[in-house]
Amino acid sequence: MPSIRLSEVTKKYGSTRAADGLNLEVQDKEYLCILGPTGAGKTTALRMVCGLTLPSSGRIFFDEQDVTGMEVERREAVMLSQVYSLFPHMDVQQNVLFGPSIKEWSEKDCNRLARSMLEMVHLSNRAQALPHELSGGMQQRTALARALASGSKVLLLDEPLRALDARLRIELRKELRSLAKSLELTCIHVTHDQDEALVMADRIAVLRRGKVMQVGTPKEVFENPNSPFVANFVGQSNFFTGKVVSKGEWTIVEDQRGVRVPARPCDMEIGEEVVMAVKVGNTRIKSDEGFLKGTVERMLYEGSNVHVDLVLCDYLRFSVKMPNRKIGEFEVGSPAYVSWNPREALVFPIPPEGLEEELKVD
Ligand code: ADP
Ligand code: MG
């Protein structure tokens with residue numbers, strides 16, 4: 001039912017702009033993830049959609065109806081906040097049925113609703129348990145069941161999996177998404193976890209400093225980032241700054257020391273200052289040949305992969321993920337070469353405030 005649209009939404013707290021001209025559209029029944037570092041304004045954006053925070057300026061629409069000033073209760077949205085805030089003295093069923101919209105319901109209807117909600121979140125056998133008797137995952141499911149029991153068609157999730165341990169977090173990703181899909185909800189899910197956003201979202205909106213940097217499918221955002229920031233925040237990247245010296249099948253970028261690397265064709269002119277970015281996962285390491293030569297500085301065992309940090313040409317820092325079967329080929333101090341498929345290396349104009357500032361995740 002509801003599509004959601006934010007138009008030039010700004011929220012100021014003193015001199016802080018928690019939202020800075022947000023423009024964003026969420027389709028009906030879409031699962032949209034807002035991905036951004038801590039402090040980017042994710043919670044603020046969600047609270048404004050819910051009606052808990054009033055924008056300083058701009059408009060918010062549900063199905064093209066202006067809801068900017070509408071009270072929370074009258075909106076068709078429910079928010080599951082970062083802390084579950086279950087009532088400690090109420091059991092699971094009472095918590096689920098706490099929503100104001102079901103106050104007037106008959107006991108029979110309430111029981112039926114509670115049963116179906118608890119079934120959905122696999123808690124049917126814990127209806128009489130108190131929150132402290134439940135695991136973190138079960139508490140989270142209870143809070144989710146309560147949110148769903150409200151019947152709202154817009155579900156707003158603020159880092160819903162954050163407090164769970166790694167294994168459960170990964171398990172619940174699938175469940176949460178399929179639940180939202182089967183109930184045909186329009187869902188905005190806020191997270192700082194790129195893996196979570198990549199596996200769960202229909203589309204991802206990357207947020208930074210109160211602004212939407214890029215919106216696209218997980219594949220678009222991962223493979224065709226529109227800025228060095230997105231290239232690094234969604235899947236870490238290696239960077240090389242220099243000037244375009246040749247354009248043809250590949251773009252050739254040369255730095256001040258005359259070191260050259262190949263990248264995808266681009267619109268930049270010869271002589272222009274640019275940044276080349278290639279994903280860590282797309283950078284290869286070899287012992288005998290490559291584009292750049294250097295030394296292994298650090299190796300971190302990660303199970304099926306080994307994360308390798310290198311210093312190249314005595315000054316450039318690059319990282320690669322190497323399959324762990326190659327672990328015997330390198331050690332700290334080993335000479336090594338890196339290369340990549342130039343098609344996977346992107347070229348961006350130099351960010352106006354410099355690369356270091358561009359990549360900051362404050
Ligand atoms: P995120 O959820 O992405 O971590 P928030 O939306 O919580 O970010 O915060 C964005 C910015 O707005 C931060 O700088 C934060 O300190 C500020 N902020 C958020 N809420 C308030 C508030 N109620 N009063 C003052 N500043 C706030
Ligand atoms: Mg937050």
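The values are calculated or read from the model by the stated rules, or taken from the named source; none is laboratory data. Fair warning: this is a prediction, and the values are worked out from it, not measured in the lab. Please note: Cβ atoms are built from the backbone with ideal geometry, for glycine as well, and neighbour counts cover all protein chains shown.
Before moving on, here are some points about what is shown:
- Selection from region 166-176 of residues that are within 16 Å of Arg203 (Cα to Cα) and surrounded by fewer than 14 Cβ atoms within 10 Å (Cβ to Cβ): Lys174
- Within region 147-162, residues that are over 19 Å from Arg112 (Cα atoms) have Cβ atoms under 7 Å from residues that are in a loop (DSSP other than H, G, I, E, B) and among the charged types (D, E, K, R) in these pairs: Lys153/Glu76; Val154/Glu76, counting only partners at least 6 apart in sequence or on another chain.
- Within region 5-121, strands (runs of 3 or more DSSP E) holding 2 or more residues that are within 16 Å of ligand 2 (Cβ to nearest atom) and either surrounded by 14 or more Cβ atoms within 10 Å (Cβ to Cβ) or of a type in the set (Val, Ile, Thr) (or both): 16-26, 31-35, 77-80
- For region 177-202, residues that are more than 16 Å from ligand 1 (Cβ to nearest atom) and crowded, with 20+ Cβ neighbours inside 10 Å total 6.
- Qualifying residue in region 295-302 (condition: surrounded by fewer than 19 Cβ atoms within 10 Å (Cβ to Cβ) and closer than 30 Å to Glu249 by Cβ): no
- Among the residues listed as Cys50, Cys33, the single one being assigned by TED's automatic domain parsing to the domain that holds His192, under 30 Å from Ala127 (Cα atoms) and within 16 Å of ligand 1 (Cβ to nearest atom): Cys50
- Scan of region 266-289 for residues that are over 16 Å from Pro342 (Cβ atoms) and among the aliphatic types (A, V, I, L, M), ordered by number: Ile270, Val280, Ile285
- Region 322-362: number of residues that are touching a residue at least 60 places away in the same chain (Cβ under 8 Å) and either in contact with a helix residue (DSSP H, G or I) (Cβ under 7 Å, 6 or more places away or on another chain) or more than 22 Å from Lys243 (Cα to Cα) (or both): 10
- One residue alone among Glu302, Glu297, Glu344, Glu272 is at pLDDT below 95 and of a type in the set (Asp, Glu), and that residue is Glu302.
- Going through (1) within 16 Å of ligand 1 (Cβ to nearest atom); (2) under 30 Å from Ser56 (Cα atoms); (3) of a type in the set (A, V, I, L, M) one by one, Ala163 falls short only on (2).
- Just one residue in the set Met276, Met299 is within 27 Å of Pro352 (Cα to Cα) and out of contact with any helix residue (DSSP H, G or I) (no Cβ under 7 Å at 6 or more places or on another chain); that residue is Met276.
- Any helices (runs of 4 or more DSSP H) falling wholly within region 169-235 and containing at least 3 residues that are more than 23 Å from Gly21 (Cβ to Cβ): 194-200, 218-223
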